[in-house]
């Protein structure tokens, strides 16, 4: 199916599917983070993500997962682990839809970084879609910032540039490594860098919690594989406006799982984000068609 689509549309579709997968993953992680220390949950999610990949690694041979440059993989692990420390510290204290909305500041950092570091060409429609989508995010986030729990949105907001840096490194790594290799090394390095603090706060999980952790590992590896493949097929800045759809996924899941009714500001912000995403998808489709003619 992907072979019949333009790389741009295929990349955007994979990015949207990755967003839905990772939003569902965040539901499980938020449940676990209210029952176990968040930093322990961070370690378990990536460690089990690596365990889930082991059958494929054994089948293909460990040599197939040797990266073409270890330094980039290690740097990505450091940056991603730091972002996750901030993310998990704030996660239990923020409504699910608002948590997703705060993360949407990272596409702007990604777009800026893609121009500066990856030399990707930007056109005005991408900037306009990102700005319009970010305006929708601000509609959601502003009430959070002025509330009593304002410190936690700020902590989560601080993770956005770090996640953006991680995604930019991942895009650069796709030029020399397969998505499977990048995902495997992400799981390995984040596990290693998360382990010390996880051990410090460790609590023994129940059998039910171990089961949830296993599902989280599988969903996390799948979501990041889809996202890395999207980065390989299309410019990273192309996939970023699609990330704003995550707010719609998050609002729906928050209502169904946590009985969190979206506020009027969340619904208004989601409408703005949906308009921005739909518009840029049409623009990218036309551009992709022109390039293939």
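Observations on the structure shown:
- Residues 116, 182, 94 arranged by fewest to most Cβ contacts within 10 Å: 116, 94, 182
- Once you reduce the range 124-199 and the range 44-70 to the center of their Cα atoms, the two points are 23 Å from each other.
- log₁₀ of I(q)/I(0) at q = 0.10, 0.11, 0.12 Å⁻¹ - the range 183-279, Debye sum with one point per alpha carbon: -0.45, -0.54, -0.64
- Of the residues 178, 71, 208, the one that moves most in a GNM of the chain with alpha-carbon contacts below 10 Å is 208.
- The alpha-carbon atoms of the chain, seen along their principal axes, cover 56, 51, 33 angstrom, with the largest extent given first.
- Hull volume per residue, based on the alpha-carbon atoms of the range 85-199 and their convex hull, is 122 Å³.
- Protection proxy ranking, highest mean first, for peptides 194-203, 32-41: 32-41, 194-203, where packing is the per-residue count of other beta-carbon atoms within 10 Å, averaged.
- Note on 228, 189: ascending count of other Cβ atoms within 10 Å places them as 189, 228, the fewest first.
Values quoted throughout were computed directly from the atomic coordinates according to the rules given, and no laboratory measurement underlies them. Since we're looking at a predicted model, the values are computed, not measured. Backbone-built Cβ (ideal geometry, glycine too); neighbour counts: all protein chains shown.
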